[in-house]
Amino acid sequence: MKIERHTKIVELISKYDIETQEELADKLNDSGFNVTQATVSRDIRELKLTKVATDGNRQKYVVLQSQEGWMSEKFIRVLQDGFINMTKASNILVIKTVSGMAMAVAAALDSMQFKEVLGCVAGDDTIFCATRNEEEILVLMDKLRKIIGK
């Protein structure tokens, strides 16, 4: 539900000039999401939204930067070159890599500082990437798919 809500928030702030958390909560509630102001506040922090000035004295929420924008091209290239596939196993993401690339891919994942990743253990061609729960694995898998392009 959180992933869908975050997607809807980005869609709403792209479509409308939303100035307050209350406005955003109203739009989300109108869209079928039952949220409180506290939930919206956490979502804004997690999505790293910021306010920018618009015409006159108004402001609106925007995404500060794309989530991949701060990542080094080097780490992205290592992920793309070494990645074969990934499988969810409870709160562990099992990533298969090209033989001999697991350590490099795990180091790239650690360097990207995904908040979902608690830590990685790498062998020769397999990485175990621990998260807090299954929801975080789905978020992480989505982020990795976007980076890798698969």
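One line per residue, one yes/no per condition, for (1) assigned to a strand (DSSP E or B); (2) at pLDDT 90 or above; (3) assigned by TED's automatic domain parsing to the domain that holds LYS115:
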{"site": "ILE9", "(1), (2), (3)": "no, yes, no"}
{"site": "GLU19", "(1), (2), (3)": "no, yes, no"}
{"site": "LEU24", "(1), (2), (3)": "no, yes, no"}
{"site": "LEU28", "(1), (2), (3)": "no, yes, no"}
{"site": "PHE33", "(1), (2), (3)": "no, yes, no"}
{"site": "SER41", "(1), (2), (3)": "no, yes, no"}
{"site": "ARG45", "(1), (2), (3)": "no, no, no"}
{"site": "THR50", "(1), (2), (3)": "yes, no, no"}
{"site": "GLU68", "(1), (2), (3)": "no, no, no"}
### Summary
Within region 69-114, residues being closer than 23 Å to LEU47 by Cα, touching a residue at least 12 places away in the same chain (Cβ under 8 Å) and exposed (fewer than 15 other Cβ atoms within 10 Å of the Cβ) number 2
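So that you can scan it fast, the table gives a plain yes or no per residue for (1) at pLDDT 90 or above; (2) touching a Ser or Thr at 6+ places or on another chain (Cβ under 9 Å); (3) not assigned by TED's automatic domain parsing to the domain that holds ARG77:
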residue: THR97; (1), (2), (3): yes, yes, no
residue: ALA107; (1), (2), (3): no, no, no
residue: ASP124; (1), (2), (3): yes, yes, no
residue: ASP142; (1), (2), (3): yes, no, no
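The values are calculated or read from the model by the stated rules, or taken from the named source; none is laboratory data. Remember, predicted model here, so these are calculated numbers, not experimental data. Note that each Cβ is placed from the backbone with ideal geometry, even for glycine, and that neighbours are counted across all protein chains shown.
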